[in-house]
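Q: Got a structure for you, written out below as structure tokens; questions coming shortly.
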Amino acid sequence: MSIAFVAGATGYTGRAVVHALAQAGIETHAHVRPDSKRLSEWTEQFTQWGAQVDTTPWDQEAMTKRLSELNPNAVFGCLGTTKKRIAQDAAKGETSSYQIVDYGMTVMLHQAAQSCSSEPRFVYVSSAGAKPGGEGSYLGARWAVEQVLIQGELPYTIGRPCFITGAGRDEDRPGERIGAKVSDAILSVLGGLGAKNLQQRYRSTTNTVLGAALARLAFDSSAARQIIESEGLR
């Protein structure tokens, strides 16, 4: 049986990946921070889906040891933070940023995965428009992770979704929700005028559709060492 390890499993995309993998009969290990206030809730949810909860600390040595033990066939990097979360952490005297979470923790995970004899596929959730940028840039952090994967020895699949929509978000994102609706409306008009490729590239997708696509692509040999744009994630 194939084995998958999902970091960022409690996130909007991560939980959809966990569900899709478990539904496909993959032995799925969903990572939840050991200090999460919702650990029992997530344990119940993931167990109900048929996944196993992993609470390995975010420490290079501990994560490397754990992945070496599991020897997964696929490791999913679904990690990410938001401006709202960064502000909340700052108010509590805690430090987080795109550089620390989106880049730093994903690179830690990638380094740990390199210790596996199974040479797992590293599946990374990047973003449409990823490009070089400063430390405080979301798209810059995504692009920097992409470069680490591309230059590394492990096989990888990089997904670049555009707006991710749907029900069940833990925090309301009115700006993103409105942006997706406006963007989809404009793209619909452009598509009607013949710009079908543009419409497919940038229209929004739901977390469940994205999760299912990532779970499928992780075990698709043709997706190895490929960057999959939004239209290929449906």
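Taken together, the values in this text are just the output of simple stated rules run on the coordinates, not laboratory data. Being a predicted model, the structure only gives us computed values, none of them experimental. So basically every Cβ, Gly included, is an ideal-geometry build from the backbone, and we count neighbours across all protein chains shown.
Q: So, in nm, how far is label Asp35 from label Ser118 when the simple model puts each one 7 Å beyond its Cα toward the Cβ?
A: 2.9 nm
Q: What spacing in nm lies between the two simple spin-label points modelled at Glu44 and Met1, each 7 Å away from Cα in the Cβ direction?
A: The answer from the label model is 2.4 nm.
Q: On to the next question. What's the extension gain from Gln151 to Glu229 if we count 0.36 nm per residue and subtract their Cα-Cα distance?
A: Value of the extension gain: 26.2 nm.
Q: Here is a further query. Eigenvalues of the Cα gyration tensor times 5, then square-rooted: what semi-axes does that give for the range 24-84, in whole angstrom, largest first?
A: For the range 24-84, the ellipsoid semi-axes come out as 18, 17, 12 Å.
Q: Around Thr106, under 14 Å between beta carbons, what's the net of Lys plus Arg minus Asp minus Glu among the other residues?
A: Net charge around Thr106: -1.
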